[in-house]
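Engineer: Would you mind keeping the following structure in view while I ask a few things?
The values are calculated or read from the model by the stated rules, or taken from the named source; none is laboratory data. Computed from a prediction, not measured in an experiment: that's the story for all the values here. Cβ placement follows ideal geometry from the backbone for every residue including glycine, while neighbour counts extend to all protein chains displayed.
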Amino acid sequence: MSVRELRAELADVINAAGMHDQVTFVTSRGRRVAAVVSVAIAEGAEEVRRADGDAGTATMYAVNVELHEGLGGTPSLTMAEIFEDYAGDLLREFGGDPDRALAAARAVAAEAAGKVGYPTLWRHASLAVELCQRAAEMTGKVLPGLFRPGSGA
């Protein structure tokens, strides 16, 4: 729908978006420049964008854990303590929200499908999921079906 058409039918377009989750693309000179969507669709898109960003953060933390592991840890901390420290830092990064940590884990897992042929990237992804899971556990959330030695589940 062109901008001119949108102006003429704005009330109907807003109603269709709000009541029926209809997406209306707005064009200018034949190119899509905007969309009119319901609040639910917009919030869902925002959650996906945030989870994708959080997935990148979790993966970066996983790379740091793996770097420590490759270097043999640190003189004052075991690898288990380093893992716990990074999981705690990740939880703080996510505002202490276990659901946000688990959303990041799902996003990492979804991205990992394209990394199967690359063992190092796959390792980073699996470690990022573990960090997110541990971060969620730190809040007291019990994850069904989760078993790791030392986990609360």
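Engineer: Please go through (1) touching a helix residue (DSSP H, G or I) at 6+ places or on another chain (Cβ under 8 Å); (2) modelled with pLDDT under 90 for Asp54 and return the number of the only condition it doesn't satisfy.
Structural biologist: Looking at each condition in turn, Asp54 falls short on (2).
Engineer: Suppose we filter the range 2-18 for residues that are within 14 Å of Ala34 (Cβ to Cβ) and acidic (Asp, Glu); how many remain?
Structural biologist: 1
Engineer: Ok, one more. Do we find that Gly95 is modelled with pLDDT under 90 and either in the same structural domain as His124 (by TED's automatic domain parsing) or in contact with a Pro (Cβ under 6 Å, 6 or more places away or on another chain) (or both) in this structure?
Structural biologist: Working: modelled with pLDDT under 90: no; either in the same structural domain as His124 (by TED's automatic domain parsing) or in contact with a Pro (Cβ under 6 Å, 6 or more places away or on another chain) (or both): yes.
When the stated conditions are applied, Gly95 does not pass them.
Engineer: Next question. Give me the residue from the range 48-85 that is of a type in the set (Ser, Thr, Tyr) and over 22 Å from the mean Cα position of the chain (by Cα) and, out of that set, nearest to Glu130 (Cα to Cα).
Structural biologist: Per the stated criteria, the residue is Thr78.
Engineer: Now for a separate question. If you check Val48, Val108, which single one turns out to be exposed (fewer than 15 other Cβ atoms within 10 Å of the Cβ) and of a type in the set (Val, Ile, Thr)? I'd like the intermediate steps shown before the answer.
Structural biologist: On the way: Val108 fails: exposed (fewer than 15 other Cβ atoms within 10 Å of the Cβ).
Just one listed residue meets the conditions, Val48.
Engineer: In the range 107-146, how many are within 13 Å of Ala58 (Cα to Cα) and among the β-branched types (Val, Ile, Thr)?
Structural biologist: So the count comes out to 2.
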